[in-house]
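Heads up, the thing below is written out as structure tokens.
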Ligand code: HPA
């Protein structure tokens, strides 16, 4: 499912379905409850994941499972609405299929979005956070196993995962559309269970501002393939170790859906500012 051959088969299937796929397309992965963040693309085509042979299927409520190609202000974008997670039973490499397919299609820039819990006490549910760096605490890497040299190096550098030029554009765009955009470190755990208060205390001490179950491994797979990465987190709940509130998946989806409008206006502004 995640071999170079199967990634190239999936990307060929997608390219056959999209007339006139453009060089310079920006890839986007939409996280839980954020399916509404990118809608109404010009000249768009939607392909359900179920019609793309070899592509894993999203098994989680809140992840729609469709691929959309279209334009915002003449800028071509390819949107994977729905992702694959370690907690669904996928390996790290399988969970990064979307990223590798985009790399195989020649995409050089991807925007990763996600829903996550706030660990930084200054951040609130409903805030958006620009990812400055990550901590991969899953114990897994999409690069485990034989290296595919055409994709990237055996030991890729991770000193600058989240592209500084894209971060600058994101911060300027946020100002222009009056969306508050915090900055911070995203930590990925495997899930699916949420954190205990003691774990939350430890994760904060380790330097994380937000915690979720995706993104870090996707960013690693992207950097391995030489793709520039920007990450935006939608903070859906606040985790304070000394007065831990209960969190449900439904509440996470509800908050992410509420934040979709802010995510959407920010994304559109960022895309409009790209070369
Ligand atoms: N922890 C882990 N993943 C999450 C959370 C959380 O609090 N909220 C949304 N995804």
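Taken together, the values in this text are just the output of simple stated rules run on the coordinates, not laboratory data. This structure is a prediction, so every number in the text was calculated from the model and none was measured. Reconstructed Cβ throughout: ideal geometry from the backbone, glycine too, with neighbour counts over all protein chains shown.
Note on the chain: Rg/Rh from Cα positions, Kirkwood definition for Rh, rounded to two decimals, is 0.94. Length gained on full extension, residue 240 to residue 132, computed as 0.36 nm times the residue gap minus the Cα-Cα distance: 36.7 nm. Given axes a ≥ b ≥ c from the Cα gyration tensor, I'd like to know whether region 156-275 is rounded (a/c under 1.5), prolate (a/b larger than b/c) or oblate. Taking the square roots of the gyration eigenvalues as a ≥ b ≥ c, region 156-275 is oblate. Angle of helix 249-272 to the longest C-alpha principal axis of the chain, folded into 0 to 90 degrees and rounded to 10: 60°. Convex hull of alpha carbon positions in region 164-216: directionally averaged projected area 4.7 nm². DSSP assigns beta bridges within the chain; of those with both partners inside it, close to 35 percent run antiparallel.
Taking the square roots of five times each eigenvalue of the Cα gyration tensor of region 46-144, the equivalent ellipsoid has semi-axes of 24, 19, 15 Å, listed largest first. Residue order for 155, 71, 80, 111, fewest other beta carbons within 10 angstrom first, comes to 155, 71, 111, 80.
Considering only 87, 162, 123, the Gaussian network model of the chain with Cα springs below 10 Å gives its largest mean-square fluctuation to 87.
Computed over the chain, the per-residue total of -39500 (n - 2.57) for DSSP H runs of n ≥ 4 gives a 222 nm mean residue ellipticity of -9000 deg cm²/dmol, rounded to 500. Could you tell me the relative contact order of the chain? Use alpha-carbon pairs under 8 Å, at least six residues apart, and round to a whole percent. In percent, rounded to a whole number, it is 27.
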